[in-house]
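> I have a structure I would like to understand better, so I am pasting it below and will then ask my questions one at a time.
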Amino acid sequence: MYIRTVFTKHLDTVPTSKLCEYFDGDLVNSPYINCEICQCLKPFRCHHCRICNCCIYRMDHHCIWVGQCIGIHNIRFFFLFISSLSLSLLLGAVTTYPLPFSTSIKLLFTFECVLGSVLFIFAFGHFLMIITNQTSLEISYNIMDYIHQPSHLRKFITPYDLGILTNIHQTLRFSSCWELFNPFAKQVPCDPMKVVVSREYIMHCDCLSEENEQNQ
């Protein structure tokens, strides 16, 4: 999984010169924006990584430990990598504990407990984001949006939450269970130009808009 995480290539974004093939009209009237840095079409949920110097669709973060951006094309391998590594370390700590505690065993046990616990918390956090269809970048915006909502209408709803099973399939991109744990299996194709927004989120935004109009 580590190898797939590192060497999975992120697909190139669409140059702005190709924008007319997707939309009928001027560039300024398109529902998408253009990246000011790489001058490419920037769909929803796409962010520019200054380290990789390119736009990454559904970018989560740039991981210094793997030297690669974590996005839609390698999030599955990254999540399975940190999950399996954390469980392996914690299992190692369980098997190490009954051994006679020499200095080396104490160091090994401490290393397994600390690193395993940190990675488990990190993996669990990613699991929560996967089942709610969020990224590390998006969750900060969603929290700020929640804070600024009127108290009587305050509700934490994520824009792309389509249900747990749909969120998992859409994020990890697998069609069968064996594909999920197979690093060589092809991922289900995704189209960054097609983004489905939750109906509940749209209705909540309409309520907030009506509230703002009444207060003006």
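Read-outs throughout are calculated quantities, based only on the coordinates presented, and are distinct from any laboratory measurement. Computed from a predicted model, the values in this text were never measured in an experiment. As a convention, Cβ positions derive from the backbone with ideal geometry for all residues, glycine included, and neighbour counts pool all protein chains shown.
> Just tell me which lysines come within less than 19 Å, Cα to Cα, of residue 194; anything on the same chain fewer than 8 places away is out.
18, 42
> Here is a further query. Could you state the angle between the C-alpha long axis of helix 75-96 and the longest principal axis of the C-alpha atoms of the chain, as a value from 0 to 90 degrees rounded to the nearest 10?
Approximately 20 degrees, to the nearest 10.
> Moving on. First measure r as the distance between the Cβ atoms of residue 107 and residue 185, then evaluate 1/(1 + (r/R0)^6) with R0 = 41 Å and state the FRET efficiency to the nearest 0.05.
Working: r = 38 Å, r/R0 = 0.93.
In this case the efficiency is close to 0.60.
> Could I ask something else about it? Compute the long axis of helix 136-147 from its Cα atoms, compare it with the longest principal axis of the Cα atoms of the chain, and write down the angle in degrees, 0 to 90, nearest 10.
In the chain, helix 136-147 runs at an angle near 60 degrees to the longest axis.
> Right, next: Could you state, as a whole-number percent, how many of the C-alpha pairs of the stretch 85-129 are farther apart than 14 Å? Don't jump to the answer; show the numbers that get you there.
Details: 478 of 990 pairs.
So the pairs more than 14 Å apart make up 48 percent of the total in the stretch 85-129.
> Can you sort 177, 35 so the residue with the fewest Cβ neighbours within 10 Å comes first? Kindly include the intermediate steps, with their values, before the conclusion.
On the way: 177 8, 35 16.
Ascending Cβ contact count within 10 Å gives the list 177, 35.
> Nearest 10 degrees is fine. How inclined is helix 103-131 to the longest principal axis of the chain, computing both from alpha carbons?
20 degrees
> When the helices in the chain are scored as -39500 (n - 2.57) per DSSP H run of 4 or longer and the sum is shared across all residues, what 222 nm value do you end up with, to the nearest 500 deg cm²/dmol?
Numbers: 7 runs with 99 residues, N = 216.
-15000 deg cm²/dmol, from helical runs alone.
> Return 152, 73 ranked ascending by Cβ neighbour count within 10 Å, so the fewest neighbours appear first.
Details: 152 6, 73 19.
By the 10 Å Cβ count, ascending, the order reads 152, 73.
> Over all alpha-carbon pairs in the stretch 2-215, figure out the percentage whose distance exceeds 25 Å. Don't skip to the answer; put the middle values down first.
Values: 11863 of 22791 pairs.
Everything past 25 Å amounts to 52 percent.
> Given the Cα-Cα distance of residue 137 and residue 3 and 0.36 nm per residue of separation, how much length would full extension add, in nm? Mind dumping the intermediate values first?
Values: separation 134, 0.36 × 134 = 48.24 nm, distance 2.42 nm.
Taking 0.36 nm per residue and subtracting the Cα distance, the gain is 45.8 nm.
> Additional query: Translational diffusion coefficient of the stretch 105-196 at 20 °C, 1.002 mPa s, Stokes-Einstein with Kirkwood Rh over Cα pairs, in µm²/s as a whole number.
Numbers: Rh = 16.0 Å.
Rounded, D is 134 µm²/s.
> Something else: At a Förster radius of 45 Å, what calculated FRET efficiency corresponds to the Cβ-Cβ distance of residue 193 and residue 91, to the nearest 0.05? Could you put the intermediate results ahead of the total?
Numbers: r = 43 Å, r/R0 = 0.95.
Plugging the Cβ-Cβ distance into 1/(1 + (r/R0)^6) gives 0.60.
> Hey, which lysines would be in cross-link range of residue 9, C-alpha to C-alpha under 16 Å, not counting anything within fewer than 8 residues on its own chain?
Candidates past the 8-residue exclusion: 186.
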